[in-house]
Amino acid sequence: MSLSQTTVAPTGARDTALRTLRLFFRHGWFKAIGTTAFTWTFFIAYFYLLQHPREAPTVIPMTAVDRWIGLQPWALPFYLSLWVYVSLPASLMATRREITLYGLRIGALCVVGLTLFYLWPTEVQTYAVNWAQYPSFDILRGTDATGNACPSLHVATAVFSAIWLDWMAPRLGFGHLLRSLNLLWCALIVFSTMATKQHVLIDVLCGAALGAVMAWLTRPRNRRPTLPPSAP
């Protein structure tokens, strides 16, 4: 698939910001409804497998790295920011065809991950901490239990999105700074999965590998994102 037919050469930070804003709102309802439907479908399958494993889950052990990192409450916002981060590639696409095909690509990643959870249920080893001292974690621990651990789909989707955003960046007019911030955001999300004790290093490595492999397998033939026409 070609990621674009129409491109506009970047002429400055202001023009890049305006074009990005126009892209974000282009087909806004289609993007909002599609992202919401995709997310709900994923979570229905995810929580079903979480609550109905086909066999007793395998406990993924902690490593020395996990014990060294410990619990880092400051990382919780970065963990939760995944839901914004993974929506960015589709939000910055200009045609419904691009958006739909991208949805099928990241959907394939989720299907592979959910299939692995079905075939091999896993969970994270219990971390010894007094959670009563961290009330900000109550909702997270109540909804996103530490099952469906390996590979971490939190990490896989973050890595997948980071790679696609980096592919899209040049023709979107994003320079080295924005590309670096993209990679930094992804790295913080990946780190947060261990720092919030939702995952351990083994989950993270497997999730990163899954995200990178699926991004490569579904890579665009022509990495040129469509941009809306420039204003007169």
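Of the residues Pro61, Phe30, Leu217, the one whose Cα sits farthest toward the positive end of the charge dipole of the stretch 20-217, with +1 on the Cβ of Lys and Arg and -1 on the Cβ of Asp and Glu, is Phe30. With bins 10 Å wide beginning at 0, the percent of Cα pairs of the chain falling in each bin runs 7, 31, 34, 19, 8, 1, 0. Of all the options Gly147, Gly28, Gly103, the one that moves most in a Gaussian network model of the chain with Cα springs shorter than 10 angstrom is Gly28.
For the chain, adding -39500 (n - 2.57) for each run of n ≥ 4 DSSP H residues and dividing by the number of residues yields -19500 deg cm²/dmol at 222 nm.
For the pair Arg22 and Ala212, label points projected 7 Å from Cα toward Cβ lie 3.7 nm apart.
When each of Thr115, Thr196, Thr35 is scored by the number of other beta-carbon atoms lying within 10 Å, the sequence from fewest to most is Thr115, Thr35, Thr196. Over the chain, Cα pairs under 8 Å with separation of 6+ residues give a relative contact order of 40 percent. Residues considered: Ile60, Ile33, Ile106. Largest GNM mean-square fluctuation over the chain, using C-alpha springs under 10 Å, is found at Ile33. Residues considered: Trp83, Trp216, Trp68. Largest GNM mean-square fluctuation over the chain, using C-alpha springs under 10 Å, is found at Trp68. Here the stretch 20-217 is assigned +1 on the Cβ of each Lys and Arg and -1 on the Cβ of each Asp and Glu. Its dipole about the Cα centre then comes out at about 700 debye.
We did not get these values from a lab; they are worked out from the coordinates using the rules stated. Treat the numbers as computed from the prediction; the structure is a model and nothing was measured. Positions of Cβ are generated from backbone atoms using ideal geometry, with glycine treated the same way; all protein chains shown enter the neighbour counts.
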